[in-house]
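Notes follow once the structure below has been shown.
The values are calculated or read from the model by the stated rules, or taken from the named source; none is laboratory data. Source: prediction; values computed, not measured. When we count neighbours, we look across all protein chains shown, and the Cβ atoms used for this are built from the backbone with ideal geometry, even at glycine. Side chains are part of the model used for accessible areas, which takes the heavy atoms of the whole protein and leaves out ligands, DNA and RNA. Shrake-Rupley method; radii C 1.70, N 1.55, O 1.52, S 1.80 Å.
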Amino acid sequence: MKPKHSKAKRDSILNRGVSTLEEAQSWFARQAIEEIECVVPDLAGVARGKIMPVRKFLGTPSMNLPLAVFYQTITGDFPEFEGAVNAVQSDTDIFLTPDFATLAAVPWAQDPTAQVIHDAFHPDGRPVEEAPRQVLRRVLALYAEKGWVPIVAPEIEFYLVDKNTDPDYPLKPPIGRSGRPETGRQGYSISAVNEFDALFEDMYEYSERQGLEIDTLIHESGVAQMEINLRHGNPLELADQVFMFKRTIREVALEHEIYATFMAKPMATEPGSAMHIHQSIVDKDGDNLFSHRKSGEETALFHGFIAGQQTYLPAIMAILAPYVNSYRRIARDSGAPVNTQWGYDNRTCGLRVPPSDPSNRRLENRIPSSDANPYLAIAASLAAGYLGMVQGLKPTAPVDTDASVLGVQLPRSLSESLKLFEQCEPLVEILGPIFCQAYDRVKQAEYETFMRTISPWEREFLLLNV
């Protein structure tokens with residue numbers, strides 16, 4: 001399935017990222033780039049920014065946007081600013097500076113186009129604390145102070161669905177090359193993936209041209225539900241890759257006249273979609289701190305990391321499951337973990353230790369849903385582990401039976417999650433009080449918008465019966 005390239009062509013395709021503006025200018029010239037998308041991920045992980053001619057970008061690579069870009073809800077509205085920032089401050093300019101390491105082509109653009117992710121700063125040079133990339137950098141700085149280097153590997157599930165132009169109608173699986181929609185459960189089926197060969201050929205091609213390192217592609221248990229795994233590496237780089245991959249697969253799907261969706265629970269009768277995060281910590285020499293160097297046995301840091309995840313998972317659920325729809329996935333008998341238990345190769349636990357040798361010992365956080373902002377989900381998960389290590393927390397005993405029978409141990413609604421989130425002082429201190437207040441305001445506003453919507457269930461069962 002994966003397209004083959006000569007080494008020379010492959011090296012050209014993987015030419016992603018430069019160090020300086022001068023190198024960027026040469027990169028633009030080599031690839032005949034005409035326009036550049038200057039993007040910044042907002043709280044939802046949506047790409048905001050500006051598109052400009054390369055000539056203008058090279059003259060003024062820094063651009064301005066209002067601070068309110070980090071307060072916009074998923075519906076395009078804004079929360080009440082009072083108490084967070086005032087109305088004038090919310091509309092003042094912040095300065096976005098390109099991170100040239102993220103420079104890449106935009107393979108789906110009709111004209112030669114590039115993209116580069118930006119970081120946000122106030123006029124006085126301070127980083128914008130509400131920016132998701134800054135939140136992750138803030139957490140990584142705490143690890144760096146200890147001489148610790150986190151390594152992560154995200155796994156992202158998504159659905160391919162037929163075009164749905166009327167949101168009142170439920171989603172349907174798309175038509176594959178056989179001319180028929182998928183029926184039944186086709187988990188790990190090669191032929192079910194091959195139904196969309198042309199789409200995935202383009203996905204691989206576009207991903208390679210952006211330097212996205214896809215490790216594996218599998219068919220998950222839902223109808224036309226897929227999962228891609230990214231190669232492990234630096235958390236910020238991996239968050240960038242998830243951000244870019246989501247844009248990529250959505251664009252590829254549109255080219256093939258279908259949708260790709262990262263909704264946590266897009267179809268009532270199908271499993272939800274997750275973003276599992278594999279996590280390990282190494283020292284400056286690359287040695288895994290979760291394993292004793294000589295004996296290979298588990299370390300106190302490993303147990304502290306697990307305990308931190310167990311302790312703070314309920315408080316970070318507002319980030320790991322950021323929308324009302326996310327909590328439709330967190331249900332017993334849904335296939336998704338509903339607890340804070342941990343176990344060895346036990347997928348019924350929220351926290352799983354995959355089989356590995358000591359040098360690759362890691363912890364998989366199975367709670368995040370695929371709709372989560374990758375920067376914030378990785379930051380929150382690492383923050384929980386960090387707290388567990390520095391506080392010397394001890395985990396519960398590992399579970400080797402079906403952990404789902406232990407009951408739901410996670411909040412079941414966004415409103416419940418937000419209460420735990422805003423009351424967790426250690427977490428607020430690590431992620432930053434300004435960010436936490438902004439995030440809480442945006443999510444509260446989204447929840448209130450949802451509560452103003454009357455669902456078909458209410459009309460069906462309440463209209464004539466109550």
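Being in contact (Cβ under 8 Å) with a residue 24 or more places away in the chain and out of contact with any helix residue (DSSP H, G or I) (no Cβ under 8 Å at 6 or more places or on another chain) is the filter here, so list the residues in region 339-352 that pass it.
344
Of all residues in region 426-459, which are farther than 21 Å from residue 69 by Cβ and free of Cβ contacts under 8 Å to residues at least 24 places away in the same chain?
Scanning region 426-459 gives 428, 429, 451, 452, 453, 454, 455, 457, 458, 459.
I'm told residue 68 meets every condition in (1) within 20 Å of residue 443 (Cα to Cα); (2) open to solvent by 40 Å² or more (accessible area, probe 1.4 Å); (3) modelled with pLDDT of 80 or more except one. Can you identify the failing condition by its number?
(2)
Could you list all residues from region 218-228 that are outside any loop (DSSP other than H, G, I, E, B) and open to solvent by 30 Å² or more (accessible area, probe 1.4 Å)?
Scanning region 218-228 gives a single hit, 218.
In region 272-306, which residues are hydrophobic (A, V, I, L, M, F, W, C) and touching a strand residue (DSSP E or B) at 6+ places or on another chain (Cβ under 9 Å)?
Once the filter is applied, which keeps residues that are hydrophobic (A, V, I, L, M, F, W, C) and touching a strand residue (DSSP E or B) at 6+ places or on another chain (Cβ under 9 Å), region 272-306 yields 274, 275, 277, 281, 282, 289, 290, 301, 302, 305, 306.
Out of the residues in region 138-176 that are outside any loop (DSSP other than H, G, I, E, B) and among the hydroxyl-bearing types (Ser, Thr, Tyr), state the one that is farthest from residue 248 (Cα to Cα).
143
Being in contact with a Gly (Cβ under 7 Å, 6 or more places away or on another chain) and modelled with pLDDT of 95 or more is the filter; apply it to region 330-352 and report the residue that is surrounded by the most Cβ atoms within 10 Å (Cβ to Cβ).
Out of the qualifying residues, it is 349.
Just name the residue that is nearest to the chain's Cα centre (by Cα) out of those in region 72-98 that are assigned to a loop (DSSP other than H, G, I, E, B), surrounded by 15 or more Cβ atoms within 10 Å (Cβ to Cβ) and not aromatic (Phe, Trp, Tyr).
Out of the qualifying residues, it is 74.
How many residues does region 284-302 hold that are out of contact with any helix residue (DSSP H, G or I) (no Cβ under 7 Å at 6 or more places or on another chain) and either in a loop (DSSP other than H, G, I, E, B) or within 21 Å of residue 378 (Cβ to Cβ) (or both)?
11
Taking region 99-113 on its own, how many of its residues are in contact with an Asp or Glu (Cβ under 7 Å, 6 or more places away or on another chain) and buried (at least 21 other Cβ atoms within 10 Å of the Cβ)?
2
Quick check on region 99-137: of everything there that is of a type in the set (S, T, N, Q) and assigned to a strand (DSSP E or B), which residue is farthest from residue 430 (Cα to Cα)?
In this case the residue turns out to be 113.
Enumerate the pairs (first residue in region 26-42 and within 17 Å of residue 134 (Cβ to Cβ); second residue anywhere and hydroxyl-bearing (Ser, Thr, Tyr) and part of a helix (DSSP H, G or I)) with beta-carbon separation below 8 Å, excluding pairs fewer than 6 apart on the same chain, so at least 6 apart or on different chains.
Note: pairs meeting the criteria are 41/375.
Can you tell me which residues in region 254-277 are assigned to a loop (DSSP other than H, G, I, E, B), modelled with pLDDT of 95 or more and hydroxyl-bearing (Ser, Thr, Tyr)?
If the condition is that a residue be assigned to a loop (DSSP other than H, G, I, E, B), modelled with pLDDT of 95 or more and hydroxyl-bearing (Ser, Thr, Tyr), then 273 is the only one that fits.
Is there any pair linking a residue in region 111-138 that is closer than 24 Å to residue 33 by Cβ to one that is part of a helix (DSSP H, G or I) and of a type in the set (D, E, K, R), with Cβ under 8 Å and at least six apart or on different chains, and which?
Between residues of region 111-138 that are closer than 24 Å to residue 33 by Cβ and residues that are part of a helix (DSSP H, G or I) and of a type in the set (D, E, K, R), the close pairs are 117/133; 117/240; 119/133; 120/133.
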